[in-house]
Amino acid sequence: MHRIYFDNAATTSLAPEVLEAMMPYLTEKFGNPSSIYSYGREARMGIENARKSVAKILHAHPSEIFFTSGGTESSNTAITASVRDLGCRHIITSPIEHHATLHTVQHLYKESKVKLSYVKLLSNGHIDLADLENLLATATQKTLVTLMHANNEIGNLLDIKKVGELCKQYNAIFHSDTVQTVGHLPFDLENTHVHFITGSAHKFHGPKGIGLFYINRDVSIQPHIHGGAQERNMRAGTENLYGIVGFAKALEISTENYEADSAYILSLKQYMQQELIKHIPAVTFNGDVNGKSLYTVLSANFPQTEKSEMLLYNFDINHICVSGGSACSSGASQGSHVLQAIYDNPDFVTVRFSFCKHNTKEEVDEVITMLKTLL
């Protein structure tokens, strides 16, 4: 049975070339990067070459690139360090951030370490930049702004350059959760005013459990994990050697093929949107779907009926992998905090389709056929 995988924003398949680059480090090149003999030096070189490659692609300096266990650890470290080491006493965020950000700022707020403000959202799910500027202008304490580059549920893109300029103007620290965009969009960190960004290899055909943490060299923070001098004293613990090599290789491949892949994936997203409109007239979409939006994500709403209640279950038994998320908290599913923030009264079932270069129009057609018979 052919499986249709339309949940690439959750995770992606490991590219064969990435596995190939990792294999030597899983087998004969097993030295500890901290050891001084040749086995160790070989491993160390694998890490440092990966760091240089990632830095070059992101237009950063190798000294600003650190490897972590993933986007969650990177965001936690950035936010915690901003308060602990950089003197931020006020955090501005949005209600539709990833939980790695929201739960961290809420934890700091509960511990009475910070004042917490949520920026208003426009009706299409974008950040209200006028409200952000107002919050920055009226802030009386050093402020951390933490806003995601692309929303993982609805795909909306933040104008990261503009937000960076606002943060610069008001002397705020800026952290952006870029997990959905590193490996999907080009970055020019030299010309973007941002202090911290994050990345996760498994979102762009790399391995799981390996993340990126960019720390702008203008800021100095203390490590989150203690007990060793790894990652230039920033993150103790033996490095995830093959993960780091895999991260760099996956980023290289996605960068080389960016033009062709992004155009192709966008065409799939647009095709699916058109087909849904054509065959399921009551369908609506979340976010700024045809505007500032990530080309990989399409979030669709289907009217709530007895048939659509079982939609996700039916996708699953038909071997179609998608992700759900409605604003209501029905049964086991907690509902989506993102959709709750945008809509007050959700009478629909939301499905997120997220695409990669391996998906095809034929797969879209199969999904549409299934929806037609079902709805």
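Annotation: of all residues in the stretch 98-113 being hydroxyl-bearing (Ser, Thr, Tyr) and not in a loop (DSSP other than H, G, I, E, B), the one that is nearest to residue 149 (Cα to Cα) is 101.
If only residues of the stretch 262-295 that are hydroxyl-bearing (Ser, Thr, Tyr) and within 23 Å of residue 335 (Cβ to Cβ) are counted, the one that is surrounded by the fewest Cβ atoms within 10 Å (Cβ to Cβ) is 284. Residue count for the stretch 208-223 satisfying the condition of being outside any loop (DSSP other than H, G, I, E, B) and surrounded by fewer than 14 Cβ atoms within 10 Å (Cβ to Cβ): 0. Consider residue 136 carefully, then state whether it is farther than 16 Å from residue 177 by Cα and not polar (S, T, N, Q). For residue 136, the condition - farther than 16 Å from residue 177 by Cα and not polar (S, T, N, Q) - is met. Note on the stretch 147-194: residues that are polar (S, T, N, Q), touching a residue at least 60 places away in the same chain (Cβ under 8 Å) and surrounded by 19 or more Cβ atoms within 10 Å (Cβ to Cβ) amount to 5. A count restricted to the stretch 84-108 and to residues that are touching a Lys or Arg at 6+ places or on another chain (Cβ under 8 Å) and open to solvent by 10 Å² or more (accessible area, probe 1.4 Å) stands at 3. Restricting attention to the stretch 72-93, does a residue exist that is closer than 15 Å to residue 199 by Cα and assigned to a strand (DSSP E or B)? No, the conditions are met nowhere in the stretch 72-93. Among 205, 193, 226, which is within 23 Å of residue 22 (Cβ to Cβ) and assigned to a loop (DSSP other than H, G, I, E, B)? So the residue among 205, 193, 226 that is within 23 Å of residue 22 (Cβ to Cβ) and assigned to a loop (DSSP other than H, G, I, E, B) is 205. Among what's in the stretch 301-324 and is within 19 Å of residue 125 (Cα to Cα) and in contact with a helix residue (DSSP H, G or I) (Cβ under 6 Å, 6 or more places away or on another chain), pick the residue that is least open to solvent (accessible area, probe 1.4 Å). My answer is 302. If you filter the stretch 1-31 down to residues that are closer than 30 Å to residue 371 by Cβ and outside any loop (DSSP other than H, G, I, E, B), you find that the one that is most open to solvent (accessible area, probe 1.4 Å) is 5.
The values are calculated or read from the model by the stated rules, or taken from the named source; none is laboratory data. This one's a predicted model, so the numbers in the text were calculated from it and none came from an experiment. With ideal geometry, Cβ positions are generated from the backbone for all residues, glycine too; neighbour counts draw on all protein chains shown. We work out accessible area using only protein heavy atoms, side chains counted, and drop any ligands, DNA or RNA first. Shrake-Rupley method; radii C 1.70, N 1.55, O 1.52, S 1.80 Å.
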